[in-house]
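Take a look at the structure set out below.
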Amino acid sequence: MTTSSRAETALTLQEVEELLDNSRTIVLGTLGRSGWPHLAPMWFARHQGAITFMSYRRSQKCRNLLRDNRVTCMVEAGCDYSELRGAVFRGHAVELHGADRLKAAVAVTDRYTDSPTEASAVARHIESRIVYSVAITDVASWDHRKLAVSGPGRT
């Protein structure tokens, strides 16, 4: 049986970008008041080199981010062990304002609609929401399709 190093099973930058482009949701991790992780599936977009998302101002994740803006985001794909791949991003969520806020919200909205959305409609839609951009500081990834290991329980 052979084993593979992390470097051998890591996704390339292009593979990470493709995984993000093909993923419908990210799992967003924030820190709750008690210090325990709070995880939530989120719609997102890649906008100006960052992961952007939006949520209601009174949501738990927004309350958590007001206290501590550190986040972890994860995307994953695959059903069988030999197909599993994913990436975890660590960074700091920054609240966007003004034109940047609207552009990021349009990017997220357009990603999940069939046709481009009017900025004025998005502006009304996000009145009670906070739009965040995640400045990524660290990425860890894996692709089990690159593993040289096979055997019982690894299907």
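Quick note: the coordinates plus some simple rules give every number you see, no bench work behind them. Here the structure is a predicted model, which is why all the values come from computation and not from measurement. Because the Cβ atoms are built from the backbone with ideal geometry, glycine has one as well, and the counts that use them run over all protein chains shown.
List the residue ranges in the chain for DSSP H helices whose C-alpha atoms run 15 angstrom or more along the long axis and whose Kyte-Doolittle average is -0.5 or above.
The answer, listed by residue number, is 98-111.
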Item to check | Convex hull per residue volume in Å³, alpha carbons only, for the stretch 10-64 | outcome: 96
Checklist entry - When the convex hull of the C-alpha atoms of the stretch 1-129 is computed, what volume per residue in Å³ does it have? => result 133
Item to check | Gain on full stretching of the segment that runs from Glu118 to Cys79 - 0.36 nm per residue minus C-alpha separation | outcome: 10.3 nm
Checklist entry - Between Val27 and Arg58, what is the FRET efficiency for a Förster distance of 22 Å, r being their Cβ-Cβ separation, to the nearest 0.05? => result 0.55
Checklist entry - Within a Cβ distance under 14 Å of Tyr56, other residues only, what is the Lys/Arg minus Asp/Glu net charge? => result +3
Next on the checklist: I'd like the antiparallel share, as a percent to the nearest 5, of DSSP beta bridges with both residues in the chain.
Outcome noted: 100
Item to check | Point-to-point label distance, Ala99-Leu66, nm (Cα→Cβ direction, 7 Å offset) | outcome: 2.9
Next on the checklist: Can you work out the Karplus-derived ³J(HN,Hα) for every residue in the stretch 116-121? Use 6.51 cos²θ - 1.76 cosθ + 1.60 with θ = phi - 60°, whole Hz, and x for glycine or proline.
Outcome noted: x, 9, 5, 4, 5, 5
Checklist entry - Can you work out the FRET efficiency for the pair Ala148 and His92, with r the C-beta to C-beta distance and R0 = 30 Å, to the nearest 0.05? => result 0.25
